[in-house]
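Student: Below is the structure I would like to discuss, written out as structure tokens.
No lab work stands behind these numbers, since they all come straight from the coordinates. Owing to the predicted nature of the structure, the values given are computational and were not obtained by experimental measurement. Methodologically, a virtual Cβ is constructed for each residue, glycine included, from the backbone with ideal geometry; neighbour enumeration extends over all protein chains shown.
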Amino acid sequence: MTARIEHLVTSGTFSLDGGTWDVDNNVWIIGDDTEALVIDAAHDADAIAEAVGDRRLVAIVCTHAHDDHVDAAPALADRTGAPVLLHPDDTELWRLTHPDRAPDGDLTDGQEITVAGTVVRVLHTPGHCRGAVSLHAPQLSTVFTGDTLFAGGPGATGRSFSDFPTIVASIRDRLLTLPADTVVRTGHGDSTTIGAEAPHLDAWLRRGH
């Protein structure tokens, strides 16, 4: 059976640099009827666990460590026994939310995680924060970009741990090189495609920060 992509939206808050905002987050699940992989355990461990059901959870992968993307990760890990995986460059950011609980493993550029016979490749795409990653699943013609690339432009870079030239370089060198028909499944809001976003790159470069 080919892996499928499931999606749920959870709601909560995002806090950083002294501000707090209400947010809706996309939680993505890749799997089949027997095992699954969760991308970004946001806000509601119970809702995510219900969506996973009785499948074996291979891992909880964090695209980055902003609190709205990792706040439910330890609870989901405790409930399922699945490891929480994060790029080590986001360790400092992770500790702002979970000072007493470290991730269970590291994500590295080029690392491959297999779920339901489908390979998911880790792409280090810093800029939104230092340890941001995207997850490319070529068999599913999909890349999960977290908050690195959205429909219409790059993720925010106005807060701590972020850098605009870095995120543009990540998008240019790591994401826009993927096939144009690759579906971009984002951390918030609507999906898009690589082909739809590629023409915007020049405008992003001119905009600066």
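Student: Tell me which of these VAL61 doesn't satisfy, since it passes every other one: (1) without any contact (Cβ under 8 Å) to a residue 60 or more places away in the chain; (2) crowded, with 20+ Cβ neighbours inside 10 Å; (3) within 24 Å of ARG130 (Cβ to Cβ).
Tutor: (1)
Student: I'd like to check something: does segment 92-102 contain any residue that is assigned to a loop (DSSP other than H, G, I, E, B), over 16 Å from VAL143 (Cα atoms) and either touching a strand residue (DSSP E or B) at 6+ places or on another chain (Cβ under 6 Å) or touching a residue at least 12 places away in the same chain (Cβ under 8 Å) (or both)?
Tutor: Yes: segment 92-102 contains one or more residues that are assigned to a loop (DSSP other than H, G, I, E, B), over 16 Å from VAL143 (Cα atoms) and either touching a strand residue (DSSP E or B) at 6+ places or on another chain (Cβ under 6 Å) or touching a residue at least 12 places away in the same chain (Cβ under 8 Å) (or both).
Student: Restricting to segment 123-146, count the residues that are touching a Pro at 6+ places or on another chain (Cβ under 9 Å) and within 18 Å of LEU93 (Cβ to Cβ). First the steps, then the outcome.
Tutor: The initial filter retains those residues of segment 123-146 that are touching a Pro at 6+ places or on another chain (Cβ under 9 Å), namely 127-128, 131-133, 138, 141.
From what's left, within 18 Å of LEU93 (Cβ to Cβ): 127-128, 131-133.
Matching residues across segment 123-146 total 5.
Student: Select from segment 110-126 the residues that are over 14 Å from the mean Cα position of the chain (by Cα) and within 25 Å of ASP163 (Cα to Cα) and list them in ascending order.
Tutor: Within segment 110-126, GLY110, GLN111 meet the criteria.
Student: Scan segment 166-209 for residues that are of a type in the set (A, V, I, L, M) and surrounded by 20 or more Cβ atoms within 10 Å (Cβ to Cβ) and jot them down.
Tutor: Across segment 166-209, the qualifying residues are ILE167, VAL168, ILE171, LEU175, LEU178, VAL184, ILE194.
Student: I want to confirm something. Restricting to segment 10-29 and keeping residues that are among the aliphatic types (A, V, I, L, M) and over 30 Å from GLY117 (Cβ atoms), which single residue is nearest to the chain's Cα centre (by Cα)?
Tutor: VAL23
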